[in-house]
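Worksheet for the structure shown next.
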Amino acid sequence: MSEFDPGFGGILGFGTRPVLLIVDMAMAYFAPASPLYAGVEAALAATVCLRAAATTARVPVVFTRVEYGPGGRDGGLFYRKLPVLACFDRGNPLGDFHPDLQPGPDDIVITKHYPSAFFATPLASMLTAMRVDTVLVAGLTTSGCVRASALDALCHGFVPGVVADACGDRTPEVQAANLFDLQAKYADVIDSTAACAYFSGLTPA
């Protein structure tokens, strides 16, 4: 399917007060021995550049991480559905941020237990207080936490942008299908070159 049906794929357009939301760039997706290894090193490289552009433009950067307590009780049915989420049990180094993409002192870090960065976290109220109007999403994985976070950004009234090459998934087919669906229904999908140009054209708040 290469074209949208009539009535799908509209363009929302980005505002003037964005944040960059970097979703779950954890070692679990990069360590070859990890059960969650996804082969998404290209997405990491694009996100590193995107984060640098956001910092230069004084765009706030939000990182999410996943962490579960004993037995994963704070993960509820999600943890039961996916036993592989034990990679994110407290103290497991697979839950650590990739060394190339560590939060800085001015960045915001949100700890979550479910796919969306917004669900059961203070993110929505925090962004509202910051008068944010646009959330550009990068991270992992496109079919899971990126998609859930972009959808919830839309539902909370923030324009969601998904940076295609700064996201990744386990197969090209899954990646392509989810980006297609996100553009059709929920978000404006762009590449990192366009995202960096958008950042550089902003007037710092």
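No value in this document is a laboratory result; all are computed from the given coordinates. Note that the coordinates shown come from a computational prediction; the quantities given were computed from them, not determined experimentally. Neighbour counts are summed over all protein chains in view; Cβ atoms, including those assigned to glycine, are modelled from backbone coordinates with ideal geometry.
Using the Karplus relation 6.51 cos²θ - 1.76 cosθ + 1.60 with θ = phi - 60°, the per-residue 3J(HN,Hα) values for the range 85-102 come to 5, 4, 4, 9, 4, 3, x, 6, x, 5, x, 6, 5, 4, x, 7, 9, 9 Hz, with x marking Gly and Pro. With R₀ fixed at 35 Å, the C-beta to C-beta distance from Thr56 to Phe119 puts the FRET efficiency at about 0.70.
For the range 52-205, what class follows from the C-alpha gyration tensor (a ≥ b ≥ c being the square roots of its eigenvalues): rounded when a/c is under 1.5, otherwise prolate if a/b is larger than b/c, else oblate? Could the numbers behind the result be given before it?
Working: a/c = 1.62, a/b = 1.35, b/c = 1.20.
Verdict is prolate for the range 52-205.
Each residue of the range 167-184 is assigned a 3J(HN,Hα), and the resulting list reads 10, x, 8, 6, 9, x, 5, 5, 4, 5, 5, 6, 4, 4, 5, 4, 5, 5 Hz, derived from the Karplus form 6.51 cos²θ - 1.76 cosθ + 1.60 (θ = phi - 60°), x at Gly and Pro.
Evaluate E = 1/(1 + (r/R0)^6) for Cys49 and Phe78, where r is the Cβ-Cβ distance and R0 equals 41 Å; express this FRET efficiency to the nearest 0.05.
On the way: r = 31 Å, r/R0 = 0.76.
The pair Cys49/Phe78 has a calculated efficiency of 0.85.
Arrange the following residues from fewest to most other Cβ atoms within 10 Å of their Cβ: Val189, Val146, Val174.
Ranking Val189, Val146, Val174 by Cβ neighbours within 10 Å, fewest first, gives Val174, Val189, Val146.
With an a/c value of 1.5 or above and a/b not larger than b/c for the gyration tensor axes a ≥ b ≥ c computed over the alpha-carbon atoms, the range 151-205 is described as oblate. A cut-off of 5 Å between modelled amide H atoms, ignoring neighbours fewer than 5 places along the same chain, links Phe63 with Ile22, Ile108, Val109, Ile110. Sorting Ile110, Ile22 from the fewest to the most surrounding beta carbons within 10 angstrom yields Ile110, Ile22.
Kindly provide the helix-only [θ] at 222 nm of the chain, computed as the sum of -39,500 (n - 2.57) over DSSP H runs of four or more divided by all residues, to the nearest 500 deg cm²/dmol?
Details: 6 runs with 61 residues, N = 205.
That comes out to -9000 deg cm²/dmol.
If exposed chymotrypsin sites (Phe, Trp or Tyr not before Pro) are those in a DSSP loop with at most 16 other Cβ within 10 Å, what is the longest stretch of the chain that has none? Spell out each step's value before the answer.
Details: sites that count: Phe4, Phe8, Tyr37, Phe119.
My reading of the result: 120-205 is the longest stretch.
Where the only charges are on Cβ atoms (+1 Lys, Arg; -1 Asp, Glu), what is the dipole of the chain about its Cα centre, to the nearest 20 debye? Present the calculation step by step, with values, prior to reporting the outcome.
Working: 13 positive and 19 negative charges, 108 e Å.
Here the size comes out at about 520 debye.
Assuming R0 = 30 Å, what is the FRET efficiency of Asp106 and Glu41, from their Cβ-Cβ distance, to the nearest 0.05? Mind showing how you got there, number by number?
Numbers: r = 26 Å, r/R0 = 0.87.
The formula returns an efficiency of 0.70 here.
Spatially, the range 135-158 and the range 5-64 are offset by 10 Å when compared through their Cα centroids.
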